[in-house]
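Reviewing the structure listed below.
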Amino acid sequence: MFKTKIGNLDLETCIYNASGVYCVSFDELLKLAAPCFSNSVILTKSCTLEGRIGNNLPRYYDTELLSINSSGLPNLGYKFYCDNARIIKDHSEFKKPYILSISGLTLEDNYKIITEAVNNNFIDGIELNLSCPNIIGKPQVGYDFTIMEEIIRKASEIIETGRDARLESGSGFLFGLKLPPYFDISHFDMACDIINNSNVQSLTCINSIGNGLVIDTEKELVAIAPKNGYGGIGGTVIKPTALANVHYFYRNTKCSIIGCGGISSGMDAFEHILCGASAVQIGTHFHKKRNVCFKEILTELGSIMKSKNYKTIDDFRGKLVHYK
Ligand code: DHB
């Protein structure tokens, strides 16, 4: 009922974690590998060349409606996530795909990590993160279309070369991007042009809305410490922006779309799929509810599908109705 495909990758269910939440340490990744949790992919924290401890605490805060984070890419370094792919995957009964999220601090770092990933047969793909808003002094690549085009072109070359070698072992490799939210149709179109001239296969829409400010009114204090309180906004309040991005990229590219943003119920997932998502990722709600959230959301989605007589998610994916 929940089977799906992103690029050439077959997934048992249409739900998994958003990068960043409970996917940094070995133990967290092992939990994502466990067969009992209904999530269909093990997606790592965005990695850099060297390990990082991240920004000062407090760096995460949430309310009913939203979250704000400025973690600053705490991660164990790309070698850890590459070298442990096999052992982590071995803990999942049907070998859930293992996808490496990459957010190198320079173009060269990204190319080095992509090369390592595509040459590792236990890694099933990458989600190249073009949208981290929390590194002091580093702009989001997804908002600079010149650099975005360059990184995608070079990453495509590396992946094509690596794929030739993988073909012999029979394993595919997913080339995905994690995009920032766009708010202007001219920017959607510029991003689509670049993507349509590349071999990118999947788009995760959206990363958090960058540089919001949340206030703890009791204390009259910014909610998080780094960057004077500015951080990436997630949770329920970003769902309309996420849906518009899923919808636009679904209609204007050939990529599989992975919806991310404001999903905490089966109905939220249903809306993302109606807009064209082939799968959904859970961030803020996963942070709140931990690994049980995947099964809960899928159960609700299953009831909605049953009530509407849909047997598979392809029965309604992208079928949002518009006024004539
Ligand atoms: C971080 C936040 C993001 O939204 C992202 O895409 C990558 C990293 C962070 O602060 O760690």
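The values are calculated or read from the model by the stated rules, or taken from the named source; none is laboratory data. These figures come from a predicted structure and were not determined experimentally. In this analysis, Cβ positions are derived from the backbone assuming ideal geometry, glycine residues included, and neighbour counts consider all displayed protein chains. The accessibility values were calculated without ligands, DNA or RNA, using every heavy atom of the protein model including side chains. Shrake-Rupley method; radii C 1.70, N 1.55, O 1.52, S 1.80 Å.
Filtering region 240-249 for residues that are closer than 28 Å to L29 by Cβ, open to solvent by 30 Å² or more (accessible area, probe 1.4 Å) and either touching a residue at least 24 places away in the same chain (Cβ under 8 Å) or in contact with a helix residue (DSSP H, G or I) (Cβ under 8 Å, 6 or more places away or on another chain) (or both) leaves an empty set.
Only a single criterion out of (1) touching a Gly at 6+ places or on another chain (Cβ under 9 Å); (2) open to solvent by 10 Å² or more (accessible area, probe 1.4 Å); (3) aliphatic (A, V, I, L, M); (4) assigned to a helix (DSSP H, G or I) is not satisfied by L301, namely (2). Annotation note: Cβ proximity below 6 Å between a residue of region 221-235 that is within 11 Å of L57 (Cα to Cα) and within 11 Å of the ligand (Cβ to nearest atom) and a residue that is open to solvent by less than 50 Å² (accessible area, probe 1.4 Å) and among the aliphatic types (A, V, I, L, M) (sequence gap 6+ or interchain) occurs for I224/I68.
Across region 115-123, a minimum of one residue is classified as over 23 Å from D27 (Cα atoms), open to solvent by less than 20 Å² (accessible area, probe 1.4 Å) and away from the ligand (no atom under 16 Å from the Cβ). Inclusion of Y61 among residues that are within 16 Å of the ligand (Cβ to nearest atom), open to solvent by 60 Å² or more (accessible area, probe 1.4 Å) and aromatic (F, W, Y) is warranted. Of the residues screened, N69 is one that is surrounded by 16 or more Cβ atoms within 10 Å (Cβ to Cβ), under 27 Å from F270 (Cβ atoms) and within 16 Å of the ligand (Cβ to nearest atom).
Considering only residues in region 13-58 that are surrounded by fewer than 21 Cβ atoms within 10 Å (Cβ to Cβ) and among the aromatic types (F, W, Y), the one that is nearest to the ligand (Cβ to nearest atom) turns out to be Y22. Considering only residues that are within 16 Å of the ligand (Cβ to nearest atom) and either open to solvent by 80 Å² or more (accessible area, probe 1.4 Å) or in contact with a helix residue (DSSP H, G or I) (Cβ under 7 Å, 6 or more places away or on another chain) (or both), which ones fall in region 85-114? If the condition is that a residue be within 16 Å of the ligand (Cβ to nearest atom) and either open to solvent by 80 Å² or more (accessible area, probe 1.4 Å) or in contact with a helix residue (DSSP H, G or I) (Cβ under 7 Å, 6 or more places away or on another chain) (or both), then L100, I102, G104, N110, I113 are the ones that fit.
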